[in-house]
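Let me begin by presenting the structure, written as structure tokens, before commenting on it.
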Amino acid sequence: EDSEQTSPYQVAWSVRETLGYERHESDDDNADDRSSRVTRLCTYFQQKYKHLCRLERAESRQKKCRHTLRKALLQAASREPERAGQLIQELRRATCARTSTSQARQRDAEPTTCSGTSKGEQCTNKALPYTRHCFQHILSNRSQQLFSSCTAKFADGQQCSVPVFDITHQTPLCEEHAKKMDNFLRGDSSRKVQHQQQRKPR
């Protein structure tokens, strides 16, 4: 049983996702932005350290509980062998039931082929965990609530249909339209600065 327990140090995390940091950012970020990123990074590692400590304490408590249970079973077996045998059988059945449930959940999480179609042909991409659709066809699952369609429109007025996972903005944009919007806002800001400089009295 000890070998099946997940070590607290095997927990993986993504600093990139937590910070929302992208490597293509320009090098002229001001000190406030960098200071803010450093602060978020420190906060993140503090939370991760506390989480690992909680996992380590939980694993230690589980080991103590298993040791206490084994000791109690040995004492019970020496005093009441038949009842101790019945108890061990019940514990084994409960363990088997938990194992089968865990295996069923693991099978659900294993990637399967997407059930969506593209131009009349079956999609060959892997489905997202616990779903039957890949990222491109996830919007076909109307019961899901994590992904939404990009809110941008093309020049001809057609709605962009790229799925977006964004829980922070009311008008989510796909990566392509988000970059275009970012470039537009930066250009607009630069134009305003130039206009203000031109209006300054000489």
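Figures for the structure shown
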| quantity | calculated |
| --- | --- |
| Members of the range 147-171 found to be surrounded by fewer than 13 Cβ atoms within 10 Å (Cβ to Cβ) and in contact with a helix residue (DSSP H, G or I) (Cβ under 8 Å, 6 or more places away or on another chain), listed by number | Ser161 |
| Within the range 108-141, considering residues that are under 24 Å from His177 (Cβ atoms) and at pLDDT below 85, the one surrounded by the fewest Cβ atoms within 10 Å (Cβ to Cβ) | Lys119 |
| Any hit, the range 56-73, residues being among the hydrophobic types (A, V, I, L, M, F, W, C), part of a helix (DSSP H, G or I) and more than 19 Å from Arg92 (Cβ to Cβ) | yes |
| Selection within the range 142-161 - within 28 Å of Lys180 (Cβ to Cβ), within 20 Å of the chain's Cα centre (by Cα) and assigned to a loop (DSSP other than H, G, I, E, B) | Gln144, Gln145, Leu146, Phe147 |
| Tyr21 being modelled with pLDDT of 85 or more and of a type in the set (Ser, Thr, Tyr) | no |
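The values are calculated or read from the model by the stated rules, or taken from the named source; none is laboratory data. Being a predicted model, the structure only gives us computed values, none of them experimental. Counting neighbours? That spans all protein chains shown, and the Cβs are built from the backbone with ideal geometry, glycine included.
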